[in-house]
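Student: Before I ask anything, here is the structure I am working with.
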Amino acid sequence: MYKSFIKPLFFRMSPEKAHYFAMGCLSLLARIPFGAFFIRLIYQYKHPLLERKVLGLKFSNPVGLAAGFDKDARWYRQLDHLGFGFIEIGTLTPKPQAGNSKPRLFRITEDNGLINRMGFNNLGVDAAVEQLKNRKGLIIGGNIGKNTLTDNAEAKEDYIYCFKTLHPHVDYFVVNVSCPNIKNLDKLQDKDFLVDLLQSLQLINERQADSKAILLKIASHLSPEQLDEIIEIVSITKIDGVIATNTTTHRNNLKTSNTVLEQIGNGGLSGQPLALNATKTIRYLREHTTDDFVIIGVGGIHSPEEALRKLEAGADLIQIYTGFIYEGPGLIKNINKALVDKTKTL
């Protein structure tokens, strides 16, 4: 039903309009009598073999929603009906910001991908906290960043503000210094800055009644030497691991014409074109780290087979975003069923 009717309808709209329209429809369905019950009946799939203990948390299944979809924690309750094991909100910044000018989100359907230059558009961390009050059940991760207008010399304070403000309301944190759509953000990937930032967050974390896991979201297409440096940073700062990987500025081997790509312009590419490199990155990290180094795999998961490849490469958990848009909410259930079937045969 999704691919034959709903997706063609959504894909007639601009990507941003379709996003808000889709979430409005889901919210409406969840509010009508028995609506939430039937959504869960159709899309949720539960099995003891899916349960995971990671980051000191018990996940009902390993399939999460990546950051960027529910930036402001507006829809996590409705998205929970679709069967996700966890949802990551953000990227959140201290102050609200509109992000980059529109249009800023583009489909490249020939490649089952998206290109975005959203620019951390969000209502600010304080608004997200209001949405998260009194939440129950679902595991929520908080992805944090800096405001675009904040000078890099003051960036650390932005991350600290978000961390302190969000700390009582999320289950784990993701430090985002690898998004390609924020001016000069890549300069924050300097080793000395990262070590200082992560150690500062850890110090604050240790002072809390309940410390939270911290992950670093890493850039795509890192060399082995750069990945070795990431491993060293994780070891020095004693954070819990990484999310591998973020979107990429690479445009290699795409079916979409160069003319169309030039018309779209700059932005981070996500979707199927990232699948191979993301899996390669996961495998390298797992082969060069110990089991307590947590890896959440993301990038190009459009099928159960690709999800299994990420997990077999060494990911502890996985996240979807672009695949969710192209394949529909049934992808979550299909991945979980495939994982149970695979586990039963071992």
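Student: Among (1) surrounded by fewer than 22 Cβ atoms within 10 Å (Cβ to Cβ); (2) out of contact with any helix residue (DSSP H, G or I) (no Cβ under 8 Å at 6 or more places or on another chain); (3) more than 17 Å from residue 112 (Cα to Cα); (4) in contact (Cβ under 8 Å) with a residue 24 or more places away in the chain, where does residue 283 come up short?
Tutor: (2)
Student: So, residue 306, is that one surrounded by fewer than 20 Cβ atoms within 10 Å (Cβ to Cβ) and modelled with pLDDT of 95 or more or not?
Tutor: no
Student: Further question on the same structure: Which ones in region 1-59 are closer than 30 Å to residue 238 by Cβ and either in contact (Cβ under 8 Å) with a residue 12 or more places away in the chain or in contact with a helix residue (DSSP H, G or I) (Cβ under 9 Å, 6 or more places away or on another chain) (or both)?
Tutor: 50, 52, 54, 55, 56, 57, 59
Student: Which members of region 162-206 meet the condition of being out of contact with any helix residue (DSSP H, G or I) (no Cβ under 7 Å at 6 or more places or on another chain), of a type outside the set (S, T, N, Q), surrounded by 14 or more Cβ atoms within 10 Å (Cβ to Cβ) and assigned to a helix (DSSP H, G or I)?
Tutor: Selection gives 167, 185, 186, 193.
Student: From (1) under 18 Å from the mean Cα position of the chain (by Cα); (2) part of a loop (DSSP other than H, G, I, E, B); (3) small (Gly, Ala, Ser), pick out the condition that doesn't hold for residue 141.
Tutor: Unmet condition: (2).
Student: If you go through region 209-248, how many residues are modelled with pLDDT of 95 or more and either touching a His at 6+ places or on another chain (Cβ under 6 Å) or of a type in the set (Val, Ile, Thr) (or both)?
Tutor: Adding up the residues that qualify gives 14.
Student: Hey, which of the strands (runs of 3 or more DSSP E) in region 210-327, taking only ones fully inside, have at least 3 residues that are under 27 Å from residue 102 (Cβ atoms)?
Tutor: Counting at least 3 such residues, we get 268-271.
Student: Taking region 126-154 as the region of interest, how many residues are out of contact with any Phe, Trp or Tyr (no Cβ under 7 Å at 6 or more places or on another chain), over 28 Å from residue 318 (Cβ atoms) and β-branched (Val, Ile, Thr)? Working first, answer last.
Tutor: Taking region 126-154 and keeping what is out of contact with any Phe, Trp or Tyr (no Cβ under 7 Å at 6 or more places or on another chain), we get 126-137, 143, 147, 149-154.
After this cut, where a residue has to be over 28 Å from residue 318 (Cβ atoms) as well, the list is 126-127, 130, 133-134, 147, 149-154.
Still in the running and β-branched (Val, Ile, Thr): 150.
Count: 1.
The values are calculated or read from the model by the stated rules, or taken from the named source; none is laboratory data. Not measured: the values here are computed from a predicted model. Here the Cβ is made from the backbone with ideal geometry for all residues, glycine too, and neighbour counts use every protein chain on show.
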